[in-house]
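Q: Dumping the structure here so I can ask a few things about it.
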Amino acid sequence: MPERPRRRTLLRGGLCSLALVVAVGLWSVPAHAESVYVSDTLRVGVRPVPAANAKPFDVVVTGMKLEVLDHRDGFLRIRTSKGVEGWISDAYVTKQPPAMLRLDRVEKQLHQARQEAAKLRQSLQGARDRTDQLRSRNQALSAAQTRLQTRLKALQRAQAERARHSALWYWLIALGVVGTGGFTGGLVWHRRRVRQRLGGLRL
């Protein structure tokens with residue numbers, strides 16, 4: 001066989017093999033890959049005796065609080081909140097609450113903190129509103145105080161003016177009384193002098 005036709009035959013054979021491999025690969029790949037996660041809920045069998053080959057008659061799950069009654073060979077004799085008693089492996093228990101309970105507790109605390117923060121924001125807004133009201137009232141009282149001070153000064157000036165007028169009238173009345181008294185006394189004295197000159201005759 002000539003060299004060039006042989007190369008073409010080998011090339012065709014290689015392309016066919018490659019196409020077959022690609023087709024098989026595409027056929028084996030699923031159209032939509034599905035993702036799953038391992039559940040964090042643990043189910044532990046409760047056994048009548050402390051032995052791994054004993055058949056469980058009940059189960060406990062993650063988050064259940066158990067009362068420990070006895071220890072024996074890697075097993076714990078427990079009592080559930082419903083009164084069920086039996087043996088479970090101590091490898092599945094811990095003295096600390098599981099992560100799901102801690103997370104639930106944290107979420108509750110976070111929710112409570114958010115509620116308290118909302119109440120604090122409402123209280124703060126109420127305090128701001130009361131502060132604005134008190135500021136407005138203080139401004140009104142300051143304005144009223146200024147008006148009263150102005151009126152008081154005007155009354156004091158008027159009172160001082162009346163006092164000056166009253167003193168002037170007192171002086172005028174006193175002068176009038178003194179003048180009238182002096183005039184009357186002088187007139188009496190003058191008449192007496194005249195009568196004395198005339199020998200006691202009345203004019």
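Q: Restricting to segment 60-84, count the residues that are assigned to a strand (DSSP E or B) and either without any contact (Cβ under 8 Å) to a residue 12 or more places away in the chain or surrounded by 15 or more Cβ atoms within 10 Å (Cβ to Cβ) (or both).
A: The qualifying residues number 7.
Q: Right, something else. Within the group Val106, Val93, which residue is surrounded by 10 or more Cβ atoms within 10 Å (Cβ to Cβ), under 32 Å from the mean Cα position of the chain (by Cα) and modelled with pLDDT under 90?
A: That would be Val106, the only listed residue that is surrounded by 10 or more Cβ atoms within 10 Å (Cβ to Cβ), under 32 Å from the mean Cα position of the chain (by Cα) and modelled with pLDDT under 90.
The values are calculated or read from the model by the stated rules, or taken from the named source; none is laboratory data. Just so we're clear, the structure is a prediction, and the values are computed from it rather than from any experiment. All Cβ positions, even for glycine, are placed from backbone atoms using ideal geometry, and neighbour counts span all protein chains on display.
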